[in-house]
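J.: Below are the structure tokens for one structure; questions will follow.
The values are calculated or read from the model by the stated rules, or taken from the named source; none is laboratory data. This one's a predicted model, so the numbers in the text were calculated from it and none came from an experiment. Note that we place each Cβ from the backbone using ideal geometry, even for glycine, and neighbour counts take in every protein chain shown. The protein model used for the area step is the full one, side chains on, heavy atoms only, and it has no ligands, DNA or RNA in it. Shrake-Rupley method; radii C 1.70, N 1.55, O 1.52, S 1.80 Å.
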Amino acid sequence: MTVQTLPRIALIEDDDIVRHTTCQWLELAGFEVESFSTGQTGLQAVLQYPFDAVVSDVKLPDVDGLSILTELDQHQVATPVLFITGHGDVDMAVGALQNGAFDFIEKPFEPERLSQRVTEAVDSYRQHASTQERQAYLSRISGLEKVLIGQSRVMQQLREQVAKLARIDTNVIIYGETGCGKELVATSLHNESARQAQRFVPINCGAIPENLFESELFGHESGAFTGANQRRIGKFEYAHKGTLFFDEVESMPASMQVKVLRALQEHTIERVGGNQSIAIDTRVIAAAKADLNDHETFRQDLYYRLNVAQIHLPSLREREDDALILFEHFTRQTNPETRLASEADRHAILSYSWPGNIRELRNVAVRFALDDGISVMEILSNRPSSTMEAVQSNVPLLIQLHNFERKVLHECLVAHQGRIHEVMLALDLPRRTLNQKMKKFGLHRADYT
């Protein structure tokens with residue numbers, strides 16, 4: 001998360017004693033304070049330098065509060081202004097409030113009351129400024145940054161790496177957790193390369209039955225096996241001159257790995273049931289969740305053939321405040337008229353661990369954009385995070401068991417990307433029981449695919 005600096009406060013007060021004591025109170029409350037004895041000097045400082053709030057006497061020897069507000073408004077300075085006023089100046093303070101002042105506090109005032117309202121003003125100002133900055137960022141991005149969105153340093157480095165590797169026509173392995181955008185990066189590598197006019201052909205190695213794998217990759221001739229009524233072009237041949245993307249490459253059957261290795265070495269394939277060698281010119285990009293080096297079931301010679309270059313994608317929790325930018329991007333994409341996230345929503349977004357990464361964030365954003373009556377916290381309350389595992393002594397055992405069961409089921413769905421058959425096997429549950437439990441806990445397969 002972005003490190004916040006101490007809030008800077010401009011204090012404008014002509015009474016020396018009040019100015020010094022108020023300055024001390026605010027500094028003890030955690031603010032960085034610059035004080036001014038006249039309205040003009042304070043106003044000029046606020047116009048020239050960034051402040052998070054202005055605390056000013058409403059009645060000063062040279063100018064009054066309304067004049068300060070008017071000048072700031074004319075110069076489009078949105079810094080919040082809080083006025084300190086004597087009883088006789090309340091009418092003027094109310095007028096300032098109607099003209100955009102954040103608040104006014106009557107003398108004598110409690111220091112805690114002043115620091116509380118200044119804190120609220122600073123928080124409101126920073127939140128508004130942060131929202132405007134994110135919206136401005138989303139409005140101006142273009143090219144690769146419009147696809148790989150984010151202002152964090154790790155995302156800047158990722159875009160630089162993708163742009164560099166796109167120009168080099170070589171094989172690449174992309175590593176990353178579930179849902180952090182491996183196929184999106186692979187697509188970007190293709191679209192930024194000299195092969196962009198040709199096909200990008202994705203294939204999920206974990207979703208193809210082993211007995212169909214060879215035909216899927218290399219194609220088959222008519223009559224090659226029962227049901228092969230006509231010739232079929234395989235993925236390698238279909239991706240000729242383009243890019244072939246192996247998602248979940250670690251799931252590739254061992255029997256197929258040696259055949260893929262030979263195709264990459266020889267730059268030729270043979271269709272199942274055929275004898276003719278077919279030349280292929282294909283760039284291969286592979287994606288995996290775990291390191292393929294010394295992998296138990298992955299051939300090391302194939303690993304070295306694929307591992308010419310590597311890209312490691314950061315998880316969402318490693319990307320500072322990018323979650324807020326992406327959330328606003330997805331909500332705007334779903335519903336341009338949707339409401340902005342509240343401070344409570346933003347806090348929930350930044351506090352959650354996002355085990356499903358961007359895929360999970362997108363699902364939450366879509367639901368938020370389509371339902372004006374639901375908060376982010378309400379959506380996330382049914383998505384247990386791995387960081388929320390402390391036992392709560394005051395919570396009934398029945399509820400804790402309910403939450404634990406739902407957490408296990410949720411994490412299994414995340415791990416297997418919503419593939420019901422694999423979840424059934426992993427949890428040793430019949431299909432009907434799994435369906436009943438998913439319905440009971442409000443879990444939907446579409447949120448994990």
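J.: When the solvent-accessible surface of protein heavy atoms is calculated with a 1.4 angstrom probe, in what order do 8, 19 fall, highest first? List each step's numbers first, then the result.
T.: Numbers: 8 60, 19 25 Å².
I get 8, 19, largest accessible area first.
J.: Can you list the aspartates and glutamates whose alpha carbon is less than 12 Å from that of residue 107, not counting same-chain residues fewer than 8 positions off?
T.: 57, 89
J.: Report the residues of the range 253-283 in range of a label on residue 222: point 7 Å along Cα→C-beta, backbone N strictly under 17 Å from it.
T.: So the set is 271-276.
J.: Still on this structure, please answer the following. 7 Å from Cα along Cα→Cβ at both residue 45 and residue 128: what's the point-to-point distance in nm?
T.: Distance between the two pseudo-spin positions: 2.2 nm.
J.: For residue 333 and residue 184, what is the calculated FRET efficiency with R₀ set at 25 Å and r taken between the beta-carbons, to the nearest 0.05?
T.: Working: r = 14 Å, r/R0 = 0.57.
Given R0 = 25 Å and the Cβ-Cβ separation, E is 0.95.
J.: Also, quick follow-up: Ignoring everything except DSSP H segments at least 4 long, calculate the 222 nm mean residue ellipticity for the chain; use -39,500 (n - 2.57) per segment, divide by total residues, nearest 500. Write down the numbers at each step before the final one.
T.: Numbers: 18 runs with 207 residues, N = 449.
About -14000 deg cm²/dmol.
J.: How big, on average over all directions, is the shadow cast by the Cα convex hull of the range 82-210, in nm²? Don't skip to the answer; put the middle values down first.
T.: Values: hull surface 55.3 nm².
With the hull built on Cα positions only, its mean projection is 13.8 nm².
J.: State the extension gain, in nm to one decimal, for the chain segment bounded by residue 160 and residue 75, taking 0.36 nm per residue of separation less the distance between their alpha-carbons. Numbers along the way, then the final one.
T.: On the way: separation 85, 0.36 × 85 = 30.60 nm, distance 3.79 nm.
Length gained, residue 160 through residue 75: 26.8 nm.
J.: Further, regarding this structure: Just to be sure I understand, if you calculate Cα Rg over 2.2 N^0.38 Å for this structure, which of (i) 1.08; (ii) 1.34; (iii) 0.96 do you get?
T.: Answer by label: (ii).
J.: Compute the FRET efficiency between residue 168 and residue 32 as 1/(1 + (r/R0)^6), taking r as their Cβ-Cβ distance and R0 = 56 Å, and round to the nearest 0.05.
T.: Working: r = 48 Å, r/R0 = 0.86.
With a Förster radius of 56 Å, E is 0.70.
J.: Expected output is a single nm value to one decimal: the length gained when fully extending between residue 420 and residue 210, i.e. 0.36 nm times separation in residues minus the C-alpha distance. What is it? List each step's numbers first, then the result.
T.: Numbers: separation 210, 0.36 × 210 = 75.60 nm, distance 1.81 nm.
Net length gain for the segment: 73.8 nm.
J.: Also, quick follow-up: Taking only protein heavy atoms and a 1.4 Å probe, what accessible area per residue, in Å², does the chain have with all protein chains in place? Walk me through the numbers before you get to the answer.
T.: Working: 23240 Å² over 449 residues.
Counting only protein heavy atoms, the per-residue value for the chain is 52 Å².
J.: Something else about it: Once you put a point 7 Å from the Cα of residue 309 and another 7 Å from the Cα of residue 446, both along the Cβ direction, what distance in nm separates them?
T.: With each label placed 7 Å out from Cα toward Cβ, I get 3.7 nm.
J.: In the calculated pair distance distribution of the range 257-300, what percentage of Cα-Cα distances lie above 13 Å? Don't skip to the answer; put the middle values down first.
T.: On the way: 624 of 946 pairs.
For the range 257-300, the share of Cα pairs beyond 13 Å comes to 66 percent.
J.: Report the full-extension gain for the segment residue 233 to residue 340: residue separation times 0.36 nm, less the Cα-Cα distance, to one decimal in nm. Spell out each step's value before the answer.
T.: Numbers: separation 107, 0.36 × 107 = 38.52 nm, distance 4.84 nm.
My answer for the length gained is 33.7 nm.
J.: Ok, one more. Of the heavy-atom accessible surface of the chain (probe 1.4 angstrom), what whole percent is carbon and sulfur?
T.: Working: 11490 of 23240 Å².
Roughly 49 percent of what the probe reaches on the chain is carbon or sulfur.
J.: Residue 14 accessible area, nearest 10 Å², 1.4 Å probe?
T.: Its heavy atoms expose roughly 60 Å² to the probe.
J.: Give me the dipole magnitude in Debye, nearest 20, for the chain about the Cα centre, with unit charges on the beta carbon: positive for Lys and Arg, negative for Asp and Glu.
T.: Details: 46 positive and 61 negative charges, 589 e Å.
In debye, rounded to 20, the chain gives about 2820.
J.: Taking DSSP loops as anything outside H, G, I, E and B, show the longest stretch in the chain free of GluC sites (Glu not before Pro) there with at most 14 other beta carbons within 10 Å.
T.: Details: sites that count: 296, 337, 389.
My reading of the result: 1-295 is the longest stretch.
J.: Still on this structure, please answer the following. Using a 1.4 angstrom probe on the protein heavy atoms only, could you order 83, 36 from most to least accessible area? Please list the in-between numbers first.
T.: Values: 83 0, 36 25 Å².
Largest accessible area first, the list is 36, 83.
J.: Please compare each pair in 259/289; 182/259; 407/437; 182/439; 182/289 to a cut-off of 18 Å on the Cα-Cα distance and tell me which ones are over it. Mind showing how you got there, number by number?
T.: On the way: 259/289 22 Å; 182/259 24 Å; 407/437 12 Å; 182/439 30 Å; 182/289 9 Å.
Violating the 18 Å Cα-Cα cut-off are 259/289; 182/259; 182/439.
J.: Quote the accessible area belonging to residue 326 in square angstrom, nearest 10, computed with a 1.4 Å probe and with ligands, DNA and RNA left uncounted.
T.: 10 Å²
J.: Using heavy-atom solvent-accessible surface (probe 1.4 Å) with all chains present, what is the largest-first order of 256, 377, 424?
T.: Values: 256 5, 377 110, 424 40 Å².
These residues rank, largest area first, as 377, 424, 256.
J.: Of 235, 59, 182, which has the largest mean-square fluctuation in a 10 Å C-alpha GNM of the chain?
T.: 59
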